Amino acid sequence: MCVPVVRNPSYDVAMAPLIELRGLTVEIPTPAGWIRPVDDVSFVLETGESLGLVGESGSGKSMLALALMGLLPPGAKVRGEAWFSGANASSASRVNLLALGEREKIAVRGRDIAMIFQEPMTALNPVMRVGAQIAEAIRAHEPGISREEIHRRVLAALERAAVPEPAVRARQYPHQLSGGLRQRAMIAMALAGNDESAPRENGAGGKPRLLIADEPTTALDVTVQKQILELLAQLRRDLGLALLFITHDLGVVAQVADRIAVSYAGRIVETGPSREVLARPRHPYTAGLLRASPQLVRHKLEPIPGAVPALTALPPGCAFEPRCALRVPECAAAMPELRDAGPGHTARCILV
Ligand SMILES: Nc1ncnc2c1ncn2[C@@H]1O[C@H](COP(=O)(O)OP(=O)(O)O)[C@@H](O)[C@H]1O
Ligand code: SF4
Ligand SMILES: [Mg+2]
């Protein structure tokens, strides 16, 4: 039998993951010296898959998302590769998001990759009606589109985000909406380019393939949080979106993610299928997050003692060593590599 030789299967776009990060590193200048909030991060996200990126505040989660969106703060240096195979208007099968020019980055944002943030008030313009902001997001990628079509698409986007009375809400300002409705308006805006009737290939329009949600429910109370998580799950199903869900709360990620990546001081310390990681965490930090999650623990909560180290003063060995109850002397000698911890499961700990 003749077996075709595929030299680099990862370049077959049908087989390539939607996103493949290889050694993504972000460095930022601060008065205390350069810090590395994202340090040699590699992972893949398959088409339609949901990956939860978890870690305490300050572990570099937002910086990673901003690097993918091409929105890093001025002066930041970025290294590594971020291969994306869902660009609508690109003839290339995969593009390295980190190597795109400014115009290409703008084209990718909103059209191919949509992002929603923790606090919609900072992302929405307070002096502009909600509908006008969504219209602007649509027009940014499809300049020639008629007023009637924009109006139809704005209402469709609000409806898709399950905003009740979309015509009324479109005429309101962000402060007139509740926290939950603002987050829905934000989701509507992020996905406004995702319209069934929009041109899909080689044109201005197209469907986002990836939604990055950076702590989208952190500012909401538990009931509203649950509704937003359900909305995201439904949108994923309906639109075939992959989701990169960023949170500090393992309890939330358990509800939305197929796989989990745990981040600590800029590095991934554990990855694996959600169920497996939650049932059998192999890194002491992940186990600590589990014991500290109000939604996953029925008995007494045990917060992890201490705090994430300053990125300007990282310990020489395992970054978690100063807080780890299981540490042994050799933990301080060198930073452990990610080790195999089972099928699709890795952990950066010498005990594995
Ligand atoms: N604009 C900035 N300039 C300098 N340092 C920053 C900036 N934004 C974030 N940082 C630092 O980068 C690190 C990671 O931040 P961030 O990605 O926001 O973490 P997370 O989203 O996990 O809470 C933190 O130490 C933070 O202080
Ligand atoms: S390498 Fe050592 S200090 Fe680090 S998590 Fe494992 S046991 Fe704890
Ligand atoms: Mg953040």
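Each residue, Asn125 and Ala233, gets one label point 7 Å from its Cα in the Cβ direction; the gap between the two is 3.6 nm. Normalised per residue, the accessible area of the chain is 47 Å², obtained with a 1.4 Å probe and no contribution from ligands, DNA or RNA. In whole angstrom, note down how far apart the Cα centers of the range 233-311 and the range 59-77 are. The range 233-311 and the range 59-77 have Cα centres spaced 21 Å from each other. The fraction of accessible area contributed by carbon and sulfur in the chain is 55 percent, rounded to a whole number (1.4 Å probe; ligands and nucleic acids excluded). Residues Glu230, Glu270, Glu81, Glu148, ordered by accessible area of protein heavy atoms at a 1.4 angstrom probe radius and largest first, appear as Glu148, Glu230, Glu81, Glu270. Each peptide in 161-171, 275-285 was scored by the mean count of other Cβ atoms within 10 Å over its residues; highest first, the order is 275-285, 161-171. Net charge near Cys349: determine it from the other residues with C-beta under 9 Å of the C-beta of Cys349, scoring Lys and Arg +1 and Asp and Glu -1. Here the charged neighbours net out to +2.
Around Leu338, what is the net charge, scoring Lys/Arg as +1 and Asp/Glu as -1 over all other residues with Cβ under 11 Å from its Cβ? Net local charge, Leu338 excluded: 0.
With the Kirkwood sum run over all distinct C-alpha pairs, the chain has a hydrodynamic radius of 21.3 Å. Shape analysis of the range 16-141 based on the Cα gyration tensor places the equivalent ellipsoid semi-axes at 24, 21, 15 Å, largest first.
The values are calculated or read from the model by the stated rules, or taken from the named source; none is laboratory data. The model shown is predicted, which means the values in this text are computed figures rather than measured ones. Glycine also receives a Cβ, built like all others from the backbone with ideal geometry; neighbour counts cover every protein chain displayed. Side chains are part of the model used for accessible areas, which takes the heavy atoms of the whole protein and leaves out ligands, DNA and RNA. Shrake-Rupley method; radii C 1.70, N 1.55, O 1.52, S 1.80 Å.
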